[in-house]
Amino acid sequence: MFPLTDARGRVRGFGARQMPGGRPPKYLNTSDGAVFRKSDILYGLDLARRSIARDGAAIVVEGYTDVIMLHQNGVDRAVASMGTALTEGQVIELRRLCSSVFLAFDADAAGQEASLRGMEIARAKGLNVRVVRLPGGRDPADVAAEDPAAFEAALDAAQPYLTYRVELALAATGSRDDRYALVRNVLATAEPSVERDDLVRLAADRLELSDDLTARLVGAPGRVAANGSQPSQRLGISARERDERLFLGLCMAFPERGLDLLCSLDVAHFPDPKRWQAATVVRRRLAGELAPEEERAWAPMIAELTALASQEATSERVLEELFWKLSLRRVEDELKGLQQNADLSLNQQQRLQELQDERLAILETIRSL
């Protein structure tokens with residue numbers, strides 16, 4: 001029997017695992033209800049949250065015993081999704097504590113499928129996702145018990161989301177055409193990056209592609225308009241996107257104050273996952289946390305943000321103004337969501353009043369700058 005607690009350590013339900021030789025089901029949990037919802041709980045989060053927040057990263061495994069064994073062997077950032085792919089509720093809990101997630105699911109087909117589903121949800125919420133490939137197809141508990149150093153080595157070698165997806169497609173069964181189609185489905189929608197270029201070369205080498213097929217991995221050539229000109233590669237950006245990008249550029253121009261401000265923001269200030277990821281990279285860079293290979297991979301984005309800031313009248317006052325504009329939009333986003341609900345609970349009504357008061361205070365602050 002395993003007590004299942006929320007992030008504050010309060011027991012919400014129980015999970016049970018069948019002893020060897022017993023009757024199915026293998027696992028049996030408390031039924032979902034008003035107090036317990038399995039999809040919102042991460043097993044072990046109450047014990048791991050401090051380490052996760054300290055390191056800015058969580059390790060997500062599948063089962064209770066995986067978490068127990070990892071903690072016993074010093075890996076205290078481990079939590080479990082309790083045998084299912086990461087859910088949106090679980091991702092929201094993690095997002096409050098960290099910017100990166102290492103998925104260490106079992107190496108079987110079900111584990112790979114769960115990894116993919118969990119990755120998509122986590123990336124959509126702005127988390128940096130890496131996949132841990134465990135040696136010998138073993139599960140995390142076995143690896144941690146037999147060779148803790150091997151688990152740490154697997155963490156160090158964890159693959160970024162895009163690399164994992166491409167490697168999985170290249171290793172799939174089927175013809176070269178089938179694998180080419182799988183790889184193209186992954187790469188054609190990926191943002192330009194050093195990692196993507198490396199994966200294009202990898203796929204071209206593994207599948208022995210012609211230059212034309214290689215070029216098509218990242219999308220068909222751009223169409224030519226009737227007047228013979230190339231279509232615009234980027235539509236005009238919104239005022240919100242411009243403010244967010246300029247804010248990040250100014251954070252790098254004034255790194256000490258920029259780091260302070262970035263540390264006080266969360267994903268709600270950057271609803272677009274790509275810009276939240278950019279904010280996380282800038283924060284880690286200012287804190288000196290980017291590894292050399294990450295620095296190289298993100299160099300084009302950092303250069304673009306720096307150039308954008310250099311085109312403006314740079315000052316800490318402008319940086320402060322943008323910080324409060326981002327805060328105002330975050331409050332207005334939540335207000336809008338509540339105001340669209342005609343039947344608010346007492347807690348929601350109280351939250352609505354808090355947000356209205358916070359909005360007025362932010363507006364007063366902006367006027368005083």
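With the simple model of a label 7 Å out from the Cα in the direction of the Cβ, Asp211 to Asp333 spans 4.5 nm.
Put a plus charge on the Cβ of each Lys and Arg, a minus charge on the Cβ of each Asp and Glu, and nothing anywhere else: the dipole of segment 1-142 about its Cα centre is then about 340 debye. First measure r as the distance between the Cβ atoms of Arg317 and Leu202, then evaluate 1/(1 + (r/R0)^6) with R0 = 56 Å and state the FRET efficiency to the nearest 0.05. That gives a FRET efficiency of 0.75.
Once you have a ≥ b ≥ c as the square roots of the Cα gyration tensor eigenvalues for segment 1-148, tell me rounded if a/c is under 1.5, and otherwise prolate or oblate according to whether a/b is larger than b/c. Here segment 1-148 falls in the rounded category.
Working note: Karplus 6.51/-1.76/1.60 with θ = phi - 60° gives segment 325-330 the couplings 5, 5, 5, 5, 5, 4 Hz, where Gly and Pro are set to x. Calculated mean residue ellipticity at 222 nm for the chain: -17500 deg cm²/dmol, from DSSP H runs with n ≥ 4 weighted as -39500 (n - 2.57), summed, divided by the residue count and rounded to 500. Looking at the square roots a ≥ b ≥ c of the eigenvalues of the Cα gyration tensor of segment 146-194, which shape do they give, rounded for a/c under 1.5, prolate if a/b is larger than b/c, or oblate? Cα axes put segment 146-194 in the oblate bin. In straight Cα distance, which lysines are under 21 Å from Lys336, not counting same-chain residues fewer than 8 positions off? Here the lysines satisfying the reach criterion relative to Lys336 are Lys125, Lys325. Based on the Cβ-Cβ distance from Ala157 to Ser193, what FRET efficiency comes out when R0 is 30 Å, to the nearest 0.05? Using R0 = 30 Å, I get an efficiency of 0.95.
Our coupling estimate for segment 357-366, obtained by passing each phi through the Karplus curve with A = 6.51, B = -1.76, C = 1.60 and θ = phi - 60°, is 5, 5, 4, 4, 5, 5, 4, 5, 5, 4 Hz, Gly and Pro reported as x. DSSP beta bridges fully contained in the chain are about 50 percent antiparallel. Magnitude of the charge dipole for segment 58-102, about its Cα centre and with charges confined to Cβ atoms of Lys, Arg (+1) and Asp, Glu (-1), is about 160 debye. The aspartates and glutamates within cross-link reach of Lys274, meaning a Cα-to-Cα straight distance under 15 Å and a gap of 8 or more places when in the same chain, are Glu120, Glu191, Glu241, Asp243, Glu244, Asp266, Glu304. With a ≥ b ≥ c the root eigenvalues of the C-alpha gyration tensor of the chain, is it rounded (a/c under 1.5), prolate (a/b larger than b/c) or oblate? Since a/c reaches 1.5 but b/c is at least a/b, the shape of the chain is classed as oblate. Close amide H partners of Phe14, meaning residues 5 or more places away or on another chain with modelled amide H under 5 Å apart, are Leu4, Thr30.
Only the coordinates and a few stated rules stand behind these numbers; no lab work does. These figures come from a predicted structure and were not determined experimentally. Cβ atoms come from the backbone with ideal geometry, glycine included; neighbour counts cover every protein chain shown.
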